[in-house]
Amino acid sequence: MFRSIQKLVLLLVAVVLSTGYLLAENGGLPPKKTIRVLMVGGGSSHDFDRWYKQEDVATLEKGGLAKVTYTSDPASILSQLPETDVLFLANNQPIADEATRKAIFAFADAGKGMILAHPAIWYNWKDWPEYNAKLVGGGSRGHDKYGPFDVTITNKKHPLTKGIPATFHLDDELYYFKTDPAATPIEILATGKATTSENTYPSLFIVKYPKGRIVGIALGHDAASHTIEPYKTMIRNAVQWAAGGSAGAGAGAGASSVD
């Protein structure tokens, strides 16, 4: 009997000590919930498996921030959305199924988070104009020749830009992202400047969708973006904010809207 009580006491002590260790590791706060991310890739003009499936998944899973499920099959989106906190669209291949399209909008309407990556902010689908109009707030139909340009943070106070240098340099495709006056407005948090003109274009922005948290990231063609710290910090911040975590300050909070 005494030995049983002794074992129980030792077990309780071990639980208390392990809990205290975890609290200390997290600054006195309980361990954060791992964010469930569904990342969708696939299509043309990009090495989706190398830079999204391999590089970005590793970046997001580092330190237990997220558990990422990657798929290059749009048909699998529908069944996986119920177990997803953040939908990370990095594809330019079609999402043709009508039920899946409706489910994506329902996901956003439920207040869930979305990340729209480099390939997914193009005008990819003529038969799905609602995607660009409501979820993207516009889109790209062209870009500078691949090469060097500077990205400048335009709102240093927003959680999405935390830890990102005020200006950084990279080689990438500078997307000519343009807003649609009839579409959902966006908030620009960072811009890229063209080398051939004085024009600047959104590099990081929030789509002011009424219910969900949506982040657009125009950077991300290949290694020159996916492997640098500013980009890695950007996508980690984006997932945290979209999930409504500590990186968030409320949907639509941040810079002035662009109509």
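Read-outs: derived from the displayed coordinates by stated rules, not from any lab. Remember, it's a predicted structure, so these values are computed and weren't measured experimentally. Quick reminder, even Gly has a Cβ in these numbers, built from the backbone with ideal geometry, and neighbours come from all protein chains shown.
Subtracting the Cα-Cα distance from 0.36 nm times the residue separation, let me have the gained length for residue 45 to residue 199 in nm, one decimal.
Taking 0.36 nm per residue and subtracting the Cα distance, the gain is 53.0 nm.
Direction-averaged projected area, Cα convex hull, segment 125-251: 7.8 nm², rounded to one decimal.
Suppose R0 equals 22 Å. What FRET efficiency, 1/(1 + (r/R0)^6) with r the Cβ-Cβ distance, do residue 168 and residue 146 give to the nearest 0.05? With R0 = 22 Å, the Cβ-Cβ based efficiency is 0.80. Remark: spin-label model distance residue 32-residue 98 equals 4.1 nm, labels positioned 7 Å along the Cα→Cβ axis.
In this structure the amide hydrogen of residue 212, modeled in the peptide plane, comes within under 5 Å of the amide hydrogens of 111, none closer than 5 places in sequence on its chain. Along segment 139-145 the Karplus relation, 6.51 cos²θ - 1.76 cosθ + 1.60 evaluated at θ = phi - 60°, assigns HN-Hα couplings of x, 10, 10, x, 7, 4, 4 Hz to successive residues, with x for each Gly and Pro. Computed on segment 157-209, the Cα convex hull volume stands at 103 Å³ per residue. Straight-line cross-link partners of residue 208 among the aspartates and glutamates, defined as a Cα under 17 Å from its Cα and at least 8 positions apart when in the same chain: 109, 130, 180, 187, 259.
Computed from backbone phi, the HN-Hα couplings of segment 178-183 come to 10, 6, 10, x, 8, 9 Hz, rounded to whole numbers (Karplus: 6.51 cos²θ - 1.76 cosθ + 1.60, θ = phi - 60°; Gly and Pro given as x).
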